[in-house]
Amino acid sequence: MKVAIHQPHYFPWEGYISKMKDVDKFILMDEVQLTDSSPMYRHALLTLKGEKKYITIPFEKNDYKHKSYKNILINTQIDWQKNHINFLKENYSKSPFYGEIMDLISCIFTKKYKYICDVTVDTILLMRKIFNISTDIVLQSDLNYPNDSKKNQLVLDLCIASNADYYLSGQGAKKYMELEPFDKSNVIVEFQSFKQTEYSQHCSREFIAGLSILDMLLSVGIKKTKECFI
């Protein structure tokens with residue numbers, strides 16, 4: 001059983017989806033705290049001028065740093081769904097695959113949401129469906145693990161709770177991850193070897209990396225996107 005663990009991201013980039021595709025079970029951490037300026041509530045796209053811009057899900061900031069991610073409320077005073085649709089229309093309506101992709105993702109902008117986590121999880125499930133990925137998606141809150149676990153131990157405990165033999169980690173974790181506890185628990189750690197493929201971006205002549213998967217889908221379509229990392 002190969003497992004990967006990640007916070008839910010809003011329309012994540014292709015490296016995130018590639019990791020999900022490469023494991024048997026993908027655990028979404030819905031009981032951690034929201035990280036400031038993270039894809040847990042926003043992601044970057046391009047303007048018509050080729051400038052990077054974040055589209056953001058507004059949230060209630062009252063005491064959010066002491067709440068689990070799954071309990072953070074959306075700020076309903078801001079019509080973020082309308083804003084995001086308008087942004088996509090203004091900046092991507094002339095992209096080759098605008099109509100096709102908007103038909104597939106429009107459900108995210110019409111469904112009524114209360115919590116940020118529900119939005120981000122839905123975008124991940126939607127990408128799994130679009131790319132025909134069979135990986136099981138599991139919420140951290142549905143697993144039985146020690147609730148006081150933190151950082152390295154939390155990852156290991158989630159692996160144990162999901163009966164993992166292998167844990168697929170991001171490359172960035174090499175700098176701080178403690179491997180000995182995983183060895184003692186017979187969980188083999190692998191590090192993702194993903195290199196982003198450059199593609200022709202509708203809004204930019206010079207390739208800009210690390211954008212939401214939506215930029216790739218709108219620019220080159222589903223078939224070409226699949227060829228890059230599926």
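Annotations
- Calculated FRET efficiency for the pair Y199/L104, C-beta based, R₀ 22 Å, to 0.05: 0.75
- Taken over the alpha carbons of region 166-208 as equal point scatterers, the Debye sum produces base-10 log I(q)/I(0) values at 0.15, 0.21, 0.22 Å⁻¹ of -0.53, -0.71, -0.75.
- Beyond 22 Å, the tail of the calculated P(r) for region 1-98 holds 42 percent of the Cα pairs.
- Positive minus negative residues near L46 (Lys, Arg vs Asp, Glu; Cβ under 9 Å): +1
- Per residue, the chain exposes an accessible area of 52 Å² to a 1.4 Å probe, with every protein chain left in place.
- DSSP beta bridges in region 1-78 [antiparallel fraction, %, rounded to 5]: 60 percent
- 13 Å beta-carbon shell around S185, net charge (K/R +1, D/E -1): -4
- The apolar share of the surface of the chain, taken as the fraction of accessible area on carbon and sulfur atoms (1.4 Å probe, ligands and nucleic acids excluded), comes to 46 percent.
- From largest to smallest, the equivalent ellipsoid semi-axes obtained for region 51-159 from the alpha-carbon gyration tensor read 30, 20, 12 Å.
- Distribution of pairwise C-alpha distances over the chain, 10 Å bins, in %: 7, 31, 35, 21, 5, 0
- On Cα atoms only, tilt of 213-229 relative to the major axis of the chain in degrees: 60 degrees
- With a Förster radius of 25 Å applied to the C-beta separation of N152 and T76, the computed FRET efficiency comes to 0.10.
- Within the listed set H66, H202, H43, the Gaussian network model of the chain (springs between alpha-carbon atoms below 10 Å) gives the highest mean-square fluctuation for H66.
- Taking the helices alone, the chain has a mean residue ellipticity at 222 nm of -10000 deg cm²/dmol, built from -39,500 (n - 2.57) per DSSP H run of at least 4 residues and averaged over all its residues.
- Restricting region 136-230 to chymotrypsin sites (Phe, Trp or Tyr not before Pro) in coil, as DSSP defines it, with at most 11 other Cβ within 10 Å: Y176
- Between K184 and K112, the contour length at 0.36 nm per residue exceeds the alpha carbon distance by 21.4 nm.
- Rounded to 5, the percent of DSSP beta bridges in the chain classed as antiparallel: 35 percent
The values are calculated or read from the model by the stated rules, or taken from the named source; none is laboratory data. Given the structure is predicted, the values throughout are model-derived calculations rather than measurements. We place every Cβ from the backbone using ideal geometry, glycine too, and count neighbours over all the protein chains shown. Keep in mind that these areas ignore ligands, DNA and RNA; they rest on the heavy atoms of the full protein, side chains included. Shrake-Rupley method; radii C 1.70, N 1.55, O 1.52, S 1.80 Å.
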